[in-house]
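Let me begin by presenting the structure, written as structure tokens, before commenting on it.
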């Protein structure tokens, strides 16, 4: 029985909090497939995600790719949705659509509270999956972005997953997240990204991860070959459409944090600032922590912070860096 190559950085050595670990899926609420590849369809994925609970796949002994003909949307009445590919399933957006969508402020997905932008559920966990060729280009809802996953509200966690060749709009001063765009996480808890790999993403900003006012804890993961291709930065220079920052990660807002631990960020690029990381805390309360991580060869064609190759940082004090220093 074959599985897909394992993602992430096996030598990272980060301490993984309990809340960041994979969910136990040995007793699923529902299973996609009937033991054959033909039984694993886009329609089945969309239906299962809408129903919620712990979801696994039974697509036969070999790895399978499911081409998504519609975006799978989480219903806001679901306490939790866990989508576990078992290391054998690829969800393919075919370069035409976003793959997964969670938005607690979208009334079409069920309205559960007037405080939609700060509620603890649904909790969406994506684990042991590949998400490829997701594309949110042209989708302007909530500011756009999120080629593979868009998550506003509730909680998002990604474990043991691979994101390849995802896309969002190529211009725009503040949109981003070719792989993931996150907003308004419940209780201001961080998005956990663990043992995962992000490659080949292209977007105006944040060609892997992007958010506004959201904290992230990125553990034992890898970012390589992602490109922020916008032009004009943020705010957009006169005569430009804006964008081009955060080759791998683009974070904006006020009080938020980014922790990288045991993570490799290499060979990403930005047409403007932060070939690896663009981090702007507007009120200068945000904190950046980098532990035991390797940042290498992340060119910034426009600007970066002196002494921090590949990083543009505006936040509280200076970034806390332990372990190897970022290098050109």
Please work out if residue 125 is more than 25 Å from residue 17 (Cβ to Cβ) and in contact with a strand residue (DSSP E or B) (Cβ under 6 Å, 6 or more places away or on another chain). no
Residue 53: passes all of (1) in contact with a strand residue (DSSP E or B) (Cβ under 7 Å, 6 or more places away or on another chain); (2) modelled with pLDDT of 95 or more; (3) farther than 13 Å from residue 32 by Cβ; (4) surrounded by fewer than 16 Cβ atoms within 10 Å (Cβ to Cβ) but (3)
Tell me, please, whether a residue that is at pLDDT 95 or above, closer than 30 Å to residue 188 by Cβ and more than 19 Å from the chain's Cα centre (by Cα) can be found in region 29-36.
yes
When every residue in region 12-54 that is part of a helix (DSSP H, G or I) and touching a residue at least 40 places away in the same chain (Cβ under 8 Å) is compared, the one nearest to residue 222 (Cα to Cα) is 20
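Restricting attention to region 107-136, which residues are modelled with pLDDT of 95 or more and either more than 16 Å from the chain's Cα centre (by Cα) or surrounded by fewer than 14 Cβ atoms within 10 Å (Cβ to Cβ) (or both)? Spell out the reasoning first.
Pass one, region 107-136, residues modelled with pLDDT of 95 or more: 122-136.
The one that is modelled with pLDDT of 95 or more and either more than 16 Å from the chain's Cα centre (by Cα) or surrounded by fewer than 14 Cβ atoms within 10 Å (Cβ to Cβ) (or both): 122.
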Considering region 311-322, residues that are in a loop (DSSP other than H, G, I, E, B) and in contact with a strand residue (DSSP E or B) (Cβ under 6 Å, 6 or more places away or on another chain), and then whichever is nearest to residue 243 (Cα to Cα), we arrive at 315
Out of (1) touching a helix residue (DSSP H, G or I) at 6+ places or on another chain (Cβ under 9 Å); (2) surrounded by 18 or more Cβ atoms within 10 Å (Cβ to Cβ); (3) outside any strand (DSSP E or B), the one residue 97 does not meet is (1)
Scanning region 127-143 for residues that are assigned to a strand (DSSP E or B) and within 18 Å of residue 204 (Cβ to Cβ) gives 135
A careful count of residues in region 17-45 that are under 12 Å from residue 83 (Cα atoms) and surrounded by 16 or more Cβ atoms within 10 Å (Cβ to Cβ) gives 6
| said: Would you confirm whether or not region 288-299 contains a residue that is at pLDDT below 95 and within 21 Å of the chain's Cα centre (by Cα)? | reply: no
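Take the conditions at pLDDT 95 or above and within 30 Å of residue 2 (Cβ to Cβ) and apply them to residue 97. Does it pass?
When the stated conditions are applied, residue 97 passes them.
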Expected single match for in contact with a strand residue (DSSP E or B) (Cβ under 7 Å, 6 or more places away or on another chain) and closer than 21 Å to residue 181 by Cα among 23, 74 is 74
In region 259-293, anything surrounded by fewer than 24 Cβ atoms within 10 Å (Cβ to Cβ) and assigned to a loop (DSSP other than H, G, I, E, B) is listed as 267, 271, 282, 283, 284, 285, 286, 292
Given (1) under 21 Å from residue 198 (Cβ atoms); (2) touching a strand residue (DSSP E or B) at 6+ places or on another chain (Cβ under 6 Å); (3) part of a loop (DSSP other than H, G, I, E, B); (4) modelled with pLDDT of 95 or more, residue 308 misses just (2)
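The values are calculated or read from the model by the stated rules, or taken from the named source; none is laboratory data. Keep in mind it's a predicted model, so treat the numbers as computed, not measured. Don't worry about glycine lacking a Cβ; one is built from the backbone with ideal geometry, like all the others, and counts go over all protein chains shown.
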